[in-house]
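Report on the following structure.
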Amino acid sequence: MHSPSHSSAGHFDACPWCGFSVTLEGVNGTGLQCPRCGRPLWFLSKTVDDAVVITFLTGLVSGHATAQQVDELLAAIGRCARLVLDLSRLRFVPPSFLKLLVLLNHRLASSVHLRICGLDEQNSTMLRRTRIDRLFEVFGNQQQALEAGVRPTGQ
């Protein structure tokens, strides 16, 4: 069964639509659906203090970046001071996902401190080559991204 995932200081990863706690243990590949609402899960969300953490799931981050996907992310994010995008579960970051990151960055503008974490070497290289890494602060893992202070604007 699905038990809560306590991935950061006791906070739960949850379905972004109904809030049902979903474990990340054993989650990989495609086809994951929320046990409560039945919607396909391409990401999970949780709130940790003033930050929202979005964990993208392998396999469902593909196809074309659409306005609907950006709207789904914005709805899950709500109002927060910091946003951590955890890519640790993605084995491959397709070009359409890079477009999604750029669209999300554009829509949030300077209202939220954006951070990315969990990049493997291949995905890190791709973000550097495309210079998308310049849009975000990059950290090794969720904990590091959450523990880092908020940088003043323009620094």
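The values are calculated or read from the model by the stated rules, or taken from the named source; none is laboratory data. Note that this is a predicted model, so its numbers are computed, not measured. Here Cβ is always computed from backbone atoms with ideal geometry, including for glycine, and neighbour counts include all displayed protein chains. Calculation scope for accessible area: heavy atoms of the full protein, side chains included, ligands and nucleic acids excluded. Shrake-Rupley method; radii C 1.70, N 1.55, O 1.52, S 1.80 Å.
Looking at Phe97, Phe92 in this structure, which one is outside any loop (DSSP other than H, G, I, E, B) and among the aromatic types (Phe, Trp, Tyr)? Reasoning before the result, please.
Values: Phe92 fails: outside any loop (DSSP other than H, G, I, E, B).
Only one candidate passes the filter, namely Phe97.
If a residue has to be open to solvent by 60 Å² or more (accessible area, probe 1.4 Å), of a type outside the set (Gly, Ala, Ser) and either modelled with pLDDT under 90 or in a strand (DSSP E or B) (or both) to count, how many in region 108-121 make the cut?
0
Could we say that Asp49 is within 14 Å of Phe139 (Cβ to Cβ) and among the acidic types (Asp, Glu) here? It would help to see each step written out before you state the result.
Numbers: within 14 Å of Phe139 (Cβ to Cβ): no; among the acidic types (Asp, Glu): yes.
When the stated conditions are applied, Asp49 does not pass them.
The conditions are (1) over 17 Å from Ile54 (Cβ atoms); (2) open to solvent by 70 Å² or more (accessible area, probe 1.4 Å); (3) in a loop (DSSP other than H, G, I, E, B), and Arg129 fails exactly one of them. Which is it?
Going through (1) over 17 Å from Ile54 (Cβ atoms); (2) open to solvent by 70 Å² or more (accessible area, probe 1.4 Å); (3) in a loop (DSSP other than H, G, I, E, B) one by one, Arg129 breaks only (3).
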